[in-house]
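*Asks:* I have a structure I would like to understand better, so I am pasting it below and will then ask my questions one at a time.
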Amino acid sequence: MQWIIRFFATHRNITSLVVVAGVCLWMLSSSVLQQQLISRVLIYSIFYPFHFYIAQTTHIKNIFAENRRLKEEVASLSVKLAQTADRTQENERLTDLLDISRQYPYTLVPARVVARDPSLISRSAIVNVGKDKGLLPYMPVMTTRGVAGKLIKVMGRMSLVQLMADPANRTSVMIRRTREIGILETENGTDFFIMFRAHADVAVGDSVITSGLGGIYPRGLLAGLVARLEQNRDPLFKKAWVKIEANFDRLEEVFVIKMPPRWASFKSELDSLEAAP
Amino acid sequence: MIPDPVKWLIAFLAALVLQTSFVPAISLGNATPDLLLIVLFFFSLKYGVMPGIFVGFFLGLGQDLYSPSLLGQNALVKTLTGAFIGLFNERVMRTDPLVKTVLLIVVFIVHDALFMAVQVLKLHDSLGSLFSGLFFRTLPRALYSVAVAALFYLWEMIPKPSVRK
């Protein structure tokens, strides 16, 4: 036995050739049925794993390609869905605005907010209408839910709106139920309040509307609801905290009430008085 | 750096794929270059008899499985051809491109002669067909293959960056 192993070791090339050639000759000399059987065995044992691996690789590659295609499709559909949802919301908002324009006996100019004050307090916004629509400074601006502010600067195709959230803005309002009049103001742009005399008839839940006395807003525009009453340190007054209806952080479409300030007609007289020595 | 066995595996797979897909498109009459044999030639020349035998066997077996009319014919022919090329192993003798070219033509003749011999023995073809096949098919095929193999020579002639060990 030893000499056979030694022979194979020393004559590796010859023995390899003889063995392999022998296998080939055996395959060649076998019958057709045997050859088919050998082919099947070889295919399934040696070549099939390679074929399987290559097929699986191709399959995985196809899955990756399909996955990528599906991801792109999902992204595209997501964008379309978001656009559709946005359009639907816009449609609803515009329908509301249309209803509002029917409710109020004023000429309403629809406007879109194109820019907003980027600071923490939304003091102002820019809308895409201006002199081209016949607008003037101090015209009131409202949303579907209530009053929002007033124009303070009007340019050709855009206007600057001073929102009610601006602490410098003060609005003359009244309680709808009892007609108690007060000034709606804020110190931080989010908490609004009205100072009333201590005996004023004000209750939580009362609607707060514009009084029409300031000369800018017409009477009756909803501003908010009384949310809380607080006894002031001064016993002569009490503070009514108001929840404002308009959402200043999400202003998109607004209406400008085409109504010049009522004191505009006296402006020339006032100016002449100021100019007089 | 890709290890040598992987490089050769890629070379054999590429040769197989090109042989079955691209080569028929560039055949000139009966002459079609045999890429598998070319790669086997360079492989056996580099690694010697025994690797040539086994690689030749599996390459031939793979070819046989695609056309199982004579199972073992290509395996036997490629085994013997691989062994024959291995005799001129680069470790044993240095071969310049001219010798390699002549050797490649000889290898083609040996390969086709063996192939046709098996054909004659097994399928009882006439000896005349063997010689006419050698003349009309093998020679053009060998010359065309040498032209293709020239690309390998050019590849070998391109100076490679030296690897510091």
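*Asks:* For the protein assembly as shown, what is the charge dipole size about the Cα centre, in debye to the nearest 20, if Lys and Arg each add +1 at the Cβ and Asp and Glu each add -1 at the Cβ?
*Replies:* 440 debye
*Asks:* Oh, and also: Roughly what angle does helix A:48-103 make with the longest principal axis of chain A, taking Cα atoms, 0 to 90 degrees, to the nearest 10?
*Replies:* For helix A:48-103, the angle is close to 10 degrees.
*Asks:* When chain A is treated as a GNM, springs tying every alpha-carbon pair under 10 Å, which of A:208, A:173, A:23 comes out with the largest mean-square fluctuation?
*Replies:* Checking each option, the largest mean-square fluctuation is seen for A:23.
*Asks:* With respect to the cross-link table entries A:153/A:243; A:238/A:258; A:131/A:238; A:80/A:150, which display a Cα-Cα separation exceeding 31 Å?
*Replies:* A:238/A:258; A:131/A:238; A:80/A:150
*Asks:* Towards the positive end of the charge dipole of chain A, with charges on Cβ (+1 Lys, Arg; -1 Asp, Glu), say which of A:155, A:242, A:23 has the farthest Cα.
*Replies:* Looking along the dipole axis, the top candidate is A:23.
*Asks:* Across peptide A:23-35, how many C-beta atoms of other chains are within 10 Å of each residue C-beta, on average?
*Replies:* That average works out to 5.
*Asks:* Among A:36, A:202, A:70, pick out the residue whose Cα is farthest towards the positive end of the charge dipole of chain A, where Lys and Arg carry +1 and Asp and Glu carry -1 on C-beta, about the Cα centre.
*Replies:* Positive-most Cα among the choices belongs to A:36.
*Asks:* I've got another one for you. Between region A:9-44 and region B:74-103, how far is it from one alpha carbon centroid to the other, in angstrom?
*Replies:* 22 Å
*Asks:* OK, next. In deg cm²/dmol and to the nearest 500, what is the mean residue ellipticity at 222 nm of chain B if only DSSP H runs of at least 4 residues count, each as -39500 (n - 2.57), divided by the residue total?
*Replies:* One gets -23500 deg cm²/dmol as the mean residue ellipticity at 222 nm.
*Asks:* Given Cβ point charges of +1 (Lys, Arg) and -1 (Asp, Glu) and nothing else, what value in debye, to the nearest 20, does the dipole of chain B about its Cα centre take?
*Replies:* 480 debye
*Asks:* Follow-up. Around residue A:80, what is the net charge, scoring Lys/Arg as +1 and Asp/Glu as -1 over all other residues with Cβ under 14 Å from its Cβ?
*Replies:* Every neighbour counted, the sum reads -2.
*Asks:* Helix A:12-29 versus the longest principal axis of chain A: what angle, 0 to 90°, nearest 10, using Cα atoms?
*Replies:* Here the helix axis deviates by roughly 90 degrees.
*Asks:* With chain A treated as a Gaussian network of Cα nodes joined by springs under 10 Å, which of A:61, A:131, A:238 yields the largest mean-square fluctuation?
*Replies:* Comparing A:61, A:131, A:238 in a Gaussian network model of chain A, the most mobile one is A:61.
*Asks:* Tell me the angle of helix A:32-42 to the major Cα principal axis of chain A, expressed in degrees between 0 and 90 and rounded to the nearest ten.
*Replies:* Between the helix axis and the principal axis of chain A, the angle is about 40 degrees.
*Asks:* Where is the GNM fluctuation largest for chain A (alpha-carbon springs, 10 angstrom cutoff): A:64, A:192, A:237?
*Replies:* So, out of A:64, A:192, A:237, the one fluctuating most is A:64.
Rule-based calculations on the coordinates, nothing more; no lab input. Note that the structure is predicted; figures quoted are calculated from it, not measured. Quick reminder, even Gly has a Cβ in these numbers, built from the backbone with ideal geometry, and neighbours come from all protein chains shown.
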